[in-house]
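Read through the structure below, which is laid out as structure tokens, and then see the notes.
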Amino acid sequence: MTSFRQKLEKASAPYLVRIHALPRWVLPVLLTIVLLIGLLANPNQSPGLWIGFFALIFIGLILVWLLALSWPLLTRSSRVLRVLVAVLIFYTAFSRF
């Protein structure tokens, strides 16, 4: 295991413990709400522009963080699919806003 991976796991441990203590439905519901806010924000108005952009960037960063943590356990097809979803979220954030 690389030192970066060990540092990432050590830094992520307290957050993962807190997330794991939540009811199972909380994280998917919250991420879905933030994703919908990002997708439905009006990019033609100033507050909507920034709210939508940061909501999508937040979702993308969470996905990349979880992808990095689960990388060794994933099959090749799962890795490709998860990377594509993260890239799509970032692409949407930067192209819309």
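Any read-out appearing in this document is the output of simple, stated calculations on the displayed coordinates, not a laboratory observation. Everything numeric here is computed off the predicted structure, so don't read it as measured data. Counting neighbours? That spans all protein chains shown, and the Cβs are built from the backbone with ideal geometry, glycine included.
The value of relative contact order for the chain, using C-alpha pairs under 8 Å at least six residues apart, is 25 percent. Selection among Val34, Phe97, Gln6 by position relative to the dipole of the chain gives Gln6 as farthest towards the positive end (Cβ unit charges, Cα centre). Our estimate of slack between Leu36 and Arg96, defined as 0.36 nm per intervening residue step minus the Cα-Cα distance, is 20.2 nm. Calculated from the structure at hand, Rg/Rh (Cα atoms, Kirkwood Rh) is found among [x] 1.76; [y] 1.02; [z] 1.00 as [y].
In the chain, the longest principal axis of the Cα atoms and the axis of helix 3-21 are about 70 degrees apart.
GNM remark for the chain: springs join alpha carbons under 10 Å apart, and the peak mean-square fluctuation among Leu35, Leu27, Leu61 falls on Leu27.
Expressed in nm to one decimal, what extension gain is obtained for the pair Lys7 and Phe54 from 0.36 nm per residue of sequence separation less their Cα-Cα distance? Mind showing how you got there, number by number?
Values: separation 47, 0.36 × 47 = 16.92 nm, distance 2.60 nm.
Gain on stretching Lys7 to Phe54: 14.3 nm.
Computed from label points 7 Å out along Cα-Cβ, the spacing between Val83 and Tyr15 is 2.2 nm. Computed from label points 7 Å out along Cα-Cβ, the spacing between Leu67 and Gln45 is 3.2 nm.
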